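S.K.: I have a structure I would like to understand better, so I am pasting it below and will then ask my questions one at a time.
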Amino acid sequence: MAYDIDMIKKVYSQMPERVNKAREVVGKPLTLSEKILYSHLWDGEVKEAYQRGKDYVDFAPDRIACQDATAQMALLQFMQAGKKEVAVPTTVHCDHLIQAKMGAAIDLQAANKSSSEVFDFLESVSNKYGIGFWKPGAGIIHQVVLENYAFPGGMMIGTDSHTVNAGGLGMVAIGVGGADAVDVMAGMAWELKFPKLIGVKLTGKLSGWTAPKDVILKVAGILTVKGGTGAIIEYFGEGARSMSATGKGTICNMGAEVGATTSTFGYDDSMERYLRATNRADVADAANQVREHLTGDDEVYANPEQYFDELIEINLSELKPHLNGPFTPDLATPISEMGAKAKENDWPINVDWGLIGSCTNSSYEDLTRAASIAKQAVDKKIKAKSDFGINPGSEQIRFTAERDGLLQIFEDLDATIFTNACGPCIGQWDRSDRKGEEKNTIVHSFNRNFSKRADGNPNTHAFVGSPEMVAAIAISGRLDFDPTRDKLINEDGEEVMLDEPKGIELPTKGFAVEDAGYVPPKEDGSSVEVKVAEDSERLELLTPFEPWDSKNLTGAKLLIKAFGKCTTDHISMAGPWLRYRGHLDNISNNMLIGAINAFNKKTNFVKNQLTGEYDGVPSVQREYKKAGVPTVVVGDHNYGEGSSREHAAMEPRHLGVKVVLVKSFARIHETNLKKQGMLGLTFDNESDYDLIQEDDTFNFIDLEDFAPNKQITIEVVHADGSKDTIKANHTYNKSQIEWYKHGSALNLIKKQNAA
């Protein structure tokens, strides 16, 4: 039986009336995305047709999921909200703090020792406030959610950008910052700008070496890393129905790499099969009763150009296998063209590692398709030229895969089976074969490949592909290997080819597990004590941010003008810094250390205008804070893309940065800045970015009149006394301006709860 089945049945009982009312109010057939959005309005009533990309709307999500790295700050904030328990079903998953090094057993033991303080904190907070807790080793949050909690037609938010994975089971699942999650945990509405809609019509059927991963690799190449910003991507068509639920999850998962609010598919037979296989027949039965409301209206899919803001068509029968990268997930290259492209760009041809797993591609089907390639290598006497690493998605998948002999196949190729955790995908990888900043290539089935992400080396060229393609390339040891046409030499000196991969959608013997790793909370957690040691380096109770003094901001100094791509990894790195995710002051020592200074093209090396000396970004900012000098961060396009980590907003706020002024924002980061009481602005004229000089001072001369849709005037004073006056835009509505006035959204929640 499913978790929270009564909640799911309640959602379905309300859905027909709400969808029909929405169709009447909107005055036209509805997409699946619209059905889910309108049936989850905060007040429960559909009163108006919302303008896509313009209207802010209050929603009532059904559930929340948090991973351990972001859960620390989210729950530290929730502890300040004055609530006895969470208002909606919530879970915490310990998957980020386990470093991949020696293998599952040793690595998990090491993590339980090194991060016991954090795990104990998360378990105790979960116990106190009615939150389900998944132990270290239980699995990667998004795979565990897909197996246990996701349901067609539901709405979920999660403190990880790849929460969108649950779209594989027909949800609208959206990655948010911890402050957004705290709102919903505290029984408040969740605000979102009503998304635009991108339709992707899939025709034909996948075959051969082409996998679901290739669909999103292709889409990423079309839309780029910001092409989906502010939009939901809805997949439909015969091609969509032909794919497995976990294949759909892969596609939705990596939709985060194009900036999409989320991605989703309509309910179909593959989802029903998956629900029943994961012991949720009750959900499948309930979904079948409202099946017509769990997909878009027929008229929408028959004439999609009339109902979507943008339409993409992909014939799966013609789609070719791809690798995307390096350094950005939207640089899409068909496998057949990789050799020439690698030579042209001087990418290292020899592949050192092939890594399979992550929340994107760690399902049972993924492992079977990759194992079918690995088995051929063993049988055909081909020795893998690259190192192999495998991260199963959950303990249920690992246990089942071991029972069915899949893991043994990889071990026969000398692969290392890592813990059921994120591992190398998020930089939790102690890579022993590379030292320093050697130029090298790895291939993986993950979702992100930004510089330094996997191993901290800026010269590691990481390429993203399907699990079976990663396996083939790792076996060959060459980036330019095309398994559809290239041969390999086996140990007997014979030329052999790899046959097409074969996968098993669901285990024929069913899923099995001895201990899934779930710990339910106490029914009454009022007696549970949450302990945070005063001298802890890992955890720190929060102090509320100061409210705005309602005055114009003057005399602000430039901290850094970031050049080019500046993701949340650049603003607040993961890897070894994950240990400080619950200690705001300590983790603030990584603030913007990965951003490139536009004036010297160096990282973590900026000018202190108070002394004229150069130093690391956090050190310089702490000097400004000590002197009471406000500061400004200037950035390029899509600032803050990538992970949902709100530390990228909280660290600047904590250290005294007042304003982030950029060409454009990624959605989640812009919201995170607003939630933490920061001023997030965009240049009205993008070329004004070029006016900003290293010794500039900023005066925000009409901030006192801060109001929705009203531009802010900024006087930029240069070192020689000359001035430029520029205009900046913002997207704050009345409620968000109240967050700013009160110093943060949490401050406002506390005030309202106390009233």
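The values are calculated or read from the model by the stated rules, or taken from the named source; none is laboratory data. In this text the structure is predicted, and so the values were computed from the model without any measurement. A quick note on method: Cβ atoms are made from the backbone with ideal geometry, for glycine too, and the neighbour counts reach across all protein chains shown. Just the protein is used for accessible areas: all its heavy atoms, side chains included, with ligands, DNA and RNA removed. Shrake-Rupley method; radii C 1.70, N 1.55, O 1.52, S 1.80 Å.
S.K.: Mind pulling up the Rg/Rh value for the range 407-506? Radius of gyration and Kirkwood radius, both on Cα. Show your work: numbers first, answer last.
M.R.: Working: Rg = 15.0 Å, Rh = 15.3 Å.
With Rh from the inverse mean 1/r over Cα pairs, Rg/Rh is 0.98.
S.K.: Also: To the nearest Å, what is the center-to-center distance of the range 469-494 and the range 171-202, using C-alpha atoms only?
M.R.: If we compute the Cα centre of each part, the gap is 43 Å.
S.K.: How many times 2.2 N^0.38 Å is the alpha carbon radius of gyration of the range 225-341? The partial results should precede the final answer.
M.R.: Working: Rg = 16.4 Å, N = 117, 2.2 N^0.38 = 13.4 Å.
Working it through for the range 225-341, the quotient is 1.22.
S.K.: Separate question: Just to be sure I understand the model, the point goes 7 Å from the Cα along the line to the Cβ. What's the resulting D298 to D282 distance in nm?
M.R.: It is 3.4 nm.
S.K.: Would you mind pulling out the separation of the Cα centroids of the range 587-609 and the range 698-755, in Å?
M.R.: Distance between centres, Cα-based: 24 Å.
S.K.: Using only the heavy atoms of the protein chains and a 1.4 Å probe, how would F599, F683 rank by accessible area, largest first?
M.R.: Values: F599 75, F683 10 Å².
Output order, biggest surface exposure first: F599, F683.
S.K.: Right, here's the next one. Quickly estimate the mean residue ellipticity at 222 nm for the chain, helices only: each DSSP H run with n ≥ 4 gives -39500 (n - 2.57), and the total goes over all residues, rounded to 500. All intermediate terms of the calculation are to be shown ahead of the outcome.
M.R.: Numbers: 25 runs with 238 residues, N = 755.
Result for the chain: -9000 deg cm²/dmol, rounded to the nearest 500.
S.K.: Taking all protein chains in place and a 1.4 Å probe, what share, in percent, of the accessible surface of the range 393-515 do carbon and sulfur account for? It would help to have the intermediate numbers written out before the result.
M.R.: Details: 1910 of 4790 Å².
Of all accessible area on the range 393-515, carbon and sulfur atoms account for 40 percent.
S.K.: Could you sort V519, V258 by accessible area so the largest value comes first, with the probe set to 1.4 Å?
M.R.: Ranked list, largest accessible area first: V519, V258.
S.K.: Let me ask something additional. Going down the table (K674/K727; K193/K751; K205/K248), which pairs top 21 Å between alpha carbons? It would help to have the intermediate numbers written out before the result.
M.R.: On the way: K674/K727 19 Å; K193/K751 25 Å; K205/K248 13 Å.
Pairs exceeding the cut-off: K193/K751.
S.K.: Given q = 0.19, 0.25 Å⁻¹, what are the Debye log10 I(q)/I(0) values for the range 626-708, with equal point scatterers placed on the Cα positions and solvent ignored?
M.R.: The Cα Debye sum returns log10 ratios of -0.91, -1.41.
S.K.: Enumerate the amide H contacts of W548 below 5 Å, restricted to partners 5 or more residues apart or on another chain; note that Pro and chain-start residues carry no placed amide H.
M.R.: Those lying under 5 Å, H to H, from W548 are H742, G743.
S.K.: Among the lysines, select those whose C-alpha is under 17 Å from the C-alpha of K381, and discard any that sit fewer than 8 residues away in the same chain.
M.R.: K487
S.K.: At 1.4 Å probe size, put V26, V716 in order of accessible surface, largest to smallest.
M.R.: Working: V26 35, V716 0 Å².
Ranking V26, V716 by accessible area, largest first, yields V26, V716.
S.K.: To the nearest 10 square angstrom, what accessible area does T224 show with a 1.4 Å probe?
M.R.: Estimated to the nearest 10 Å², T224 gives 60 Å².
S.K.: Normalized C-alpha radius of gyration of the range 290-374, against 2.2 N^0.38 Å?
M.R.: Values: Rg = 18.7 Å, N = 85, 2.2 N^0.38 = 11.9 Å.
Relative to the 2.2 N^0.38 Å estimate, the range 290-374 comes out at 1.57.
S.K.: Under the classification rounded if a/c is under 1.5, otherwise prolate if a/b is larger than b/c and oblate if not, where does the range 200-265 fall, given a ≥ b ≥ c as square roots of the Cα gyration tensor eigenvalues?
M.R.: Details: a/c = 1.93, a/b = 1.61, b/c = 1.20.
It comes out prolate by the Cα gyration axes.
S.K.: Whole number in Å², please: accessible area per residue of the range 1-153, 1.4 Å probe, ligands, DNA and RNA not counted. Can you show the working numbers first?
M.R.: Working: 5520 Å² over 153 residues.
I get 36 Å² per residue for this part.
S.K.: Taking amide hydrogens as modeled 1.01 Å from N in the peptide plane, which residues meet the under 5 Å criterion relative to Y639, leaving out close sequence neighbours?
M.R.: HN-HN under 5 Å from Y639: S664, F665, A666.
S.K.: With an 8 Å Cα cut-off and a minimum separation of 6 or more residues, compute the relative contact order for the chain in percent.
M.R.: Numbers: 1864 pairs, mean separation 103.6, N = 755.
14 percent.
S.K.: Further question: Using only the alpha carbon atoms of the range 468-573, find the Kirkwood hydrodynamic radius as the inverse mean reciprocal pair distance, in angstroms to one decimal. Provide the component values of the computation, followed by the final result.
M.R.: On the way: mean 1/r = 0.0431 Å⁻¹.
It works out to 23.2 Å.
S.K.: With every protein chain kept in place and ligands, DNA and RNA left out, what is the accessible area per residue of the range 366-485? Probe 1.4 Å, answer in Å². Display every interim value, and only then the final one.
M.R.: Details: 3530 Å² over 120 residues.
Heavy-atom accessible area per residue stands at 29 Å².
S.K.: Hey, another quick one. Determine one quarter of the surface area of the Cα convex hull of the chain, which equals its mean projected area, and express it in nm² to one decimal. Could you put the intermediate results ahead of the total?
M.R.: Details: hull surface 122.8 nm².
It is 30.7 nm².
S.K.: Mind checking the log10 I(q)/I(0) for the range 1-150 at q = 0.08, 0.18, 0.20 Å⁻¹? Debye, one equal scatterer per Cα, no solvent, two decimals.
M.R.: -0.33, -1.07, -1.18
S.K.: Taking square-rooted eigenvalues a ≥ b ≥ c of the alpha carbon gyration tensor, is the range 407-464 rounded, prolate or oblate, where a/c under 1.5 means rounded and, failing that, a/b exceeding b/c means prolate?
M.R.: Prolate.
S.K.: Only Cα pairs under 8 Å and at least 6 apart count here; give the relative contact order of the range 1-137 as a rounded whole percent.
M.R.: On the way: 133 pairs, mean separation 27.4, N = 137.
RCO, the range 1-137: 20 percent.
S.K.: Using protein chains only and a probe of 1.4 angstrom, how many square angstrom of E123 are accessible, to the nearest 10?
M.R.: Number for this one is 70 Å².
S.K.: Something else about it: For the range 541-634, which trypsin sites (Lys or Arg not before Pro) pass both filters: DSSP loop (anything but H, G, I, E, B) and at most 15 other C-beta atoms within 10 Å? Intermediate results must be reported in sequence, preceding the final value.
M.R.: On the way: sites: K551, K557, K561, K565, R579, R581, K601, K602, K607, R622, K625, K626; in loops: K551, K565, R581, K601, K602.
In loop regions of the range 541-634 (DSSP not H, G, I, E or B), the sparsely surrounded trypsin sites (Lys or Arg not before Pro) are K551, K601, K602.
S.K.: Something else: With θ set to phi - 60° and the Karplus curve 6.51 cos²θ - 1.76 cosθ + 1.60, what are the ³J(HN,Hα) couplings of the range 222-233 in order, to the nearest whole Hz, using x for Gly and Pro?
M.R.: 6, 8, 6, 5, 10, x, x, 4, x, 10, 9, 9
S.K.: Not counting ligands, DNA or RNA, and with a 1.4 Å probe, what is S445's accessible surface area in Å² rounded to the nearest 10?
M.R.: 0 Å²
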